[in-house]
Amino acid sequence: MAVSRSSHLDSLLPALSEAYGPPGRETGIRAALKRALKGAGLVREDALGNLHLHIAGKGPRLLLTAHMDAPGLIVTRVDPSGLARVSILGQTSAVDWVGATVTLDGTARGVVGWDRPKDPKETREIEPEALYLETGLRQRQAPKRIEVGTVGALLDRAERLGELWHGGNLDNRAGCAAILAAVRGTRGIRSDLHVVFSAQSDLGARGAATSAFGIDPDVAVVLDVAFVGESRGPGDIALGKGPCLGLKEEGYLPHPAALALVKRAAKAARVPHQWLIRESGGSDARAVRASRSGVPTALVAIPARRPGGPRVLIHASDLEETVKLLRGIVTTPYTGEKGSR
Amino acid sequence: MNGNGAPRFQEGILEAISNAPGVSGGEEAVRAILTEVARERVDSLEVDPMGSLVARIEPATRPRGAGKPRGARRAGRGPHVMLCAHMDEVGLMVTAVEKEGRLRFRRVGGIDPRILPGQAFRIGPRAVPGVIGALPPHLVPRADRDKVTLAEDLYLDIGAGSREEAEEQVSVGEYAVFDTTYEGWGTTRKGKAFDDRAGCAVLASLIQRRPPVPVTAVWSVQEEVGLRGAAAAARRVGPDLAIVLEGTASGEAPGSPPEEQYPFMGRGPALTIQDRSLMAHARLLDSIQTTAKRHRVPTQWKRPGVGGTDAGRIAISGAGVPSAVVSVVCRYIHAPAAYLDVRDAQRAVTLIWHTLETLRKEWP
């Protein structure tokens, strides 16, 4: 039922988007996902902080994974003025943090500012060293309350904006929500399904590497978001045209059989799709693909746009089509491919 | 210094291995010393295919049922902990011998080329003395006096007058290390390669006694050129968790704001929260901190976001290993002579020892 499915996402996405989960400190998002996974199967957490769901079944071992971490800020010192200086944890630029509201381990909040150039005509790029956190704590109190190493995360709840979702951390909480919606209550799963919400992706796919090693899957599908402007494919990707199928990333090419599985599922479920070709950067797909002696891997990405600042936009229909596609993937038998990997 | 129940830091080991050469890929001399130090104390000792020295040491008391099948964690023994320190240091490698007898070189690991001109080195297994040529001020043209020679223009001079003469002493591919001899005064110790011979000596001191949990000590190779030895060792060892012992950079720098100048030499081991390679495992870090408080070992934070250690590679080996880093804070690492405070080395031994006790009781 399409109605219940979208209403499902309507409550899931805002809750997941505001959960605390900077790389290596994914406590809030892990707890939120655990709650959402009650009764869905066997749930466990591993040494790196990845959250695993196992829905035991017959058939090939399928790994379906989305990273749950979102970029963070780590306090490097507190100035005598009471401002906390930070460095960025993950792959975002300083400009995307300016003006953001940040939660610090749940102990305090802060607003991100930057040292403006004295000359207002100067238009230089914002360097990470120029960022600071204004916590509103008293000057003397700040150094005591905020320790070096405290990790901040964007505090922002996604909301609907016409046909779009608008909010912080949607990279990749949108992917997490899509997986939850796709696997909860789905019948006819044709694989031994391992779902991993991976940790520390933004620090270099660390959680994906170890979870793929531990699971040793027959086939894997990585779900992430991709930004408009990133693809060098047959035209750029766009919002509202369905999920993207990854054809290339830095150090990653899909496995033909895994890609065929995704394409078959898309066709059967009548999900429109677009192609993603990234010349630089990438997702967890590379680490999963290169795990052990190689894992047939495909990449699915929800198109997103970054208008500037901490929030991102995704199209509600893309999210729903992605859920349909994922449901198709877990219910389509993986036949592998004759020949080499 | 009193280690309140922990083993004593063995300064003699630090002195010996600090003086020994061991540039990344050429760690034999350091490994030989550590092998001698460890041999009588451990249950097994091997050199792995990369060249890392790997020693296994069982806990003091062997509870009944110690012969249980491998793999299953045996109750009461605590987790299998990998303690790791890298043997290699930054240095130079001779890449060419020129007609005039000068040696061209490349840097191995991160050395700031600005510190090189005029430095004395020892080259190759025969420790041939050499200096990096630098003109005396009399001969430097006025216009060049504020300039630093580019790294690629530098050369090593062993006093040879021709290629033939030079090749009798050294050959291409040999390593050069800073010509620095260990010495000390007060609690200050001076020497080369404290990154990471300090960690190596802390580790060697720890295994002088049977630890509270099963420990695999790894003295790794090729850390300075990409954390290579530890990555391979971690896969072989397959520990439940890992603590990496480092000699890390002090943040004391004249001119920068005081709140930026941490960590400090002499104020206890530095704990890593995050660096370029690692997000320290939160619960393991918490165990270390709790232990430090309980045993009154002063600790400080290493500056987040900079550097990288073997722990980064160990953490993501296999299906993942909870990992943390404990460092002795040194001034002037990756340079001819570093300083450390020998009390910090003892504190690191004390902290790790008691952390192992904590882990036996509280992990997982």
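Go through A:Arg30, A:Arg44 for me and flag whichever is within 14 Å of another protein chain (Cβ to nearest Cβ), out of contact with any Cys (no Cβ under 7 Å at 6 or more places or on another chain), within 22 Å of A:Val151 (Cβ to Cβ) and not in a loop (DSSP other than H, G, I, E, B).
Answer to the check: A:Arg30.
Per-residue answers, yes or no, for (1) surrounded by 24 or more Cβ atoms within 10 Å (Cβ to Cβ); (2) of a type in the set (S, T, N, Q); (3) under 25 Å from A:Leu203 (Cβ atoms); (4) in the same structural domain as A:Gly175 (by TED's automatic domain parsing):
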{"site": "A:Glu279", "(1), (2), (3), (4)": "no, no, yes, yes"}
{"site": "A:Ser283", "(1), (2), (3), (4)": "yes, yes, yes, yes"}
{"site": "A:Arg286", "(1), (2), (3), (4)": "no, no, yes, yes"}
{"site": "A:Ser291", "(1), (2), (3), (4)": "no, yes, yes, yes"}
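Based on what the data block shows, is B:Leu271 modelled with pLDDT of 95 or more, touching a Leu at 6+ places or on another chain (Cβ under 7 Å) and under 21 Å from A:Glu26 (Cα atoms)? Don't jump to the end; show me each part of the working.
Working: modelled with pLDDT of 95 or more: yes; touching a Leu at 6+ places or on another chain (Cβ under 7 Å): yes; under 21 Å from A:Glu26 (Cα atoms): yes.
Answer is yes for this residue.
How about the stretch B:30-44: which of its residues are touching a residue at least 60 places away in the same chain (Cβ under 8 Å) and of a type in the set (Gly, Ala, Ser)? I'd like the intermediate steps shown before the answer.
Here is the first cut: in the stretch B:30-44, the ones touching a residue at least 60 places away in the same chain (Cβ under 8 Å) are B:30-31, B:34, B:37-38, B:41-42.
Answer for the stretch B:30-44, where residues must be touching a residue at least 60 places away in the same chain (Cβ under 8 Å) and of a type in the set (Gly, Ala, Ser): just B:Ala38.
So, in the stretch A:101-134, how many residues would count as being surrounded by 18 or more Cβ atoms within 10 Å (Cβ to Cβ), more than 14 Å from every other protein chain (Cβ to nearest Cβ) and under 21 Å from B:Gly305 (Cα atoms)?
4
All but one of (1) within 14 Å of chain A (Cβ to nearest Cβ); (2) touching a helix residue (DSSP H, G or I) at 6+ places or on another chain (Cβ under 7 Å); (3) more than 29 Å from A:Ala212 (Cβ to Cβ) hold for B:Leu351; state the number of the condition that does not hold.
The failed condition is (1).
Where in the stretch A:228-341 are there helices (runs of 4 or more DSSP H), lying wholly inside it, with at least 3 residues that are out of contact with any Ser or Thr (no Cβ under 9 Å at 6 or more places or on another chain)?
Counting at least 3 such residues, we get A:256-268, A:316-331.
Taking the stretch B:8-28, which residues are in a helix (DSSP H, G or I) and in contact (Cβ under 8 Å) with a residue 40 or more places away in the chain?
Once the filter is applied, which keeps residues that are in a helix (DSSP H, G or I) and in contact (Cβ under 8 Å) with a residue 40 or more places away in the chain, the stretch B:8-28 yields B:Glu11, B:Ile13, B:Leu14, B:Glu15, B:Ile17, B:Ser18, B:Asn19.
I'd like the residue in the stretch A:143-176 that is within 13 Å of chain B (Cβ to nearest Cβ) and surrounded by 22 or more Cβ atoms within 10 Å (Cβ to Cβ) and, out of all such residues, is modelled with the lowest pLDDT.
A:Ile146
Within the stretch A:8-45, which residues are surrounded by fewer than 23 Cβ atoms within 10 Å (Cβ to Cβ), acidic (Asp, Glu) and modelled with pLDDT of 95 or more?
A:Glu45
What number goes with the only condition from (1) assigned to a strand (DSSP E or B); (2) in contact (Cβ under 8 Å) with a residue 60 or more places away in the chain; (3) out of contact with any helix residue (DSSP H, G or I) (no Cβ under 6 Å at 6 or more places or on another chain); (4) of a type in the set (A, V, I, L, M) that B:Val131 does not pass?
Unmet condition: (2).
The values are calculated or read from the model by the stated rules, or taken from the named source; none is laboratory data. Just so it is clear, the model here is predicted, and its values are computed rather than measured. Quick reminder, even Gly has a Cβ in these numbers, built from the backbone with ideal geometry, and neighbours come from all protein chains shown.
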